[in-house]
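Chemist: I have a structure here, written as structure tokens, and I will follow up with some questions on it.
Rule-based calculations on the coordinates, nothing more; no lab input. All values derive from a computational prediction rather than experimental measurement. Neighbour counts run over all protein chains shown; Cβ positions are idealised from the backbone, glycine included.
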Amino acid sequence: MAVRLLAAHQSALIRLYRQRVSVSTRDFVPGVQCARLDQRLIGHLHACTQAAESLPDDLPDDPAEAFAAASPALRNDPQGAMERLAPALEEAEGDQCQGLVQAVALTTPPDGWSCVMRGYERYPEARASLLEAFEVAAAHVPDALLNEALESPEQQAAALRCASLRRDWPVERFRPWYRSDLTEPATLPALRAGLLRDDPEAADALLSLLDGDIPLEETTDALRLNALLCPDHLSDAVWRAADEAPETGLWLLALSGRRDAAEQILQALRDARASEPAAAAWRWLTGQALPHRDRLQVVNAPDRAAAGGPVPDAGVARQWWDANAPGWDVAERRILGGPGNPERVATLATRWAGRAGDALMDLAALQEPGPYVTGGWFHRRGEPGPVLPESQEEEVADAAVGQ
């Protein structure tokens, strides 16, 4: 392939990876848009793979560039790539590590997972990162590997997230981590697994955690679990977050799907300082994307000199509420304007990405524990991933013969 053409494919791969990351931070992104983005990325990845060389010794710090360097090498020669990538993962940190984790999770070929497992075995400091890749890939991780990882404080959290995907792992396997110190890093993954298995003890432990005097920025993930997975036992901390930090708290409150949450969000729409996060929260509950109007017509709007663009129209939301609130039972959970039954949630999870899509995937997992993970290819959402081999040595030898 001509050098200029290869460079164009590599640039496109980097650009599309960055777009993919950006999508995950937005509230509502149509699933069809994400599927097209993924297909374009796969096309450029295929072109880069045709001319792939070995993995460079010095990987870029930029996560998109690290992904673009590692993924074609993994597709082309998984064994050779992992011999360099596994030790690199031992040293990688932050965003660069995420780029490499995504490369392993998304682009390892079916016959390359044995090579990944060999890297896991040889490089202990890379195991937590590789466990994260296994989770994103919705991989079936062998019991022996999970049991060993659960003995390591550095690997426990990632191992518990992988184990939560296993339908054959009962709730008793997770309880020890939320029966002890609730401030440990492994607590939240264990609580999530317990909540997905409808364990009342997990719900009680989560409420105990949220009753502590912990800053909001340190409890956001716990608040999200509470609102999303056990809304009937909503902590006072969720309501406080909606009042004190509306840019974060209103969305968390909306995830509960509760009628009384909608009432508070409706009030927040009248405050220009909270109206944008309130509009996203309102859409999650009602399915209504609010139109915008001039900022100066809104209660608590800043003065004319400081006024920015238009804000969501609270009057339209009020009209919706007046028409629909009488039919909304206090015990009914609403998601995007309708009931949260398993069939509807599973369908919606394939239609939306961004924060809404992530929440829908968690709800799908609540109703049917399994490979409902975020971060993987959008067109494969909800599908099981690879079954990782029990014996790395034999599988790697087979892969080497087939090269």
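Chemist: Could you point to the label whose value was computed as volume of the Cα convex hull per residue in Å³ for the structure here, given (i) 153; (ii) 166; (iii) 192?
Modeler: (i)
Chemist: Follow-up. Determine the dipole magnitude for the chain: charges of +1 sit on the beta-carbon of Lys and Arg, -1 on that of Asp and Glu, nothing else is charged, the reference point is the Cα centre, and the result goes in debye to the nearest 20.
Modeler: Working: 38 positive and 61 negative charges, 423 e Å.
That gives the chain a dipole magnitude of about 2040 debye.
Chemist: Rank the residues 123, 178, 372 as a footprinting-exposure proxy: fewest other Cβ atoms within 10 Å of their Cβ go first.
Modeler: Values: 123 19, 178 27, 372 23.
With the sparsest Cβ surroundings first, the list reads 123, 372, 178.
Chemist: Using the number of other C-beta atoms within 10 angstrom as an exposure proxy, rank 129, 11 with the fewest first.
Modeler: On the way: 129 25, 11 12.
The fewest-first ordering by Cβ neighbours comes to 11, 129.
Chemist: Using helices alone, what [θ] at 222 nm do you get for the chain, with -39,500 (n - 2.57) per DSSP H run of 4 or more residues, divided over all residues and rounded to the nearest 500? Each step should come with its number before you reach the end.
Modeler: Working: 20 runs with 239 residues, N = 403.
Only helices count here, giving -18500 deg cm²/dmol.
Chemist: May I ask you to sort 14, 42 by Cβ crowding, counting other Cβ atoms within 10 Å and putting the fewest first?
Modeler: Fewest-to-most ranking of 14, 42: 42, 14.
Chemist: Give the distance, in whole Å, between the Cα centre of the stretch 172-250 and the Cα centre of the stretch 79-115.
Modeler: Distance between centres, Cα-based: 32 Å.
Chemist: Tell me, what ³J(HN,Hα) does each residue in the stretch 38-52 have, in order and in whole Hz, if you take phi through Karplus 6.51 cos²θ - 1.76 cosθ + 1.60 with θ = phi - 60° and put x for Gly and Pro?
Modeler: 5, 5, 5, 4, 4, x, 5, 4, 4, 5, 5, 5, 4, 10, 5
Chemist: Under a 10 Å cutoff between Cα atoms, tell me which one of 148, 121, 218 has the largest fluctuation in the Gaussian network model of the chain.
Modeler: Between 148, 121, 218, it is 218 that shows the largest mean-square fluctuation.
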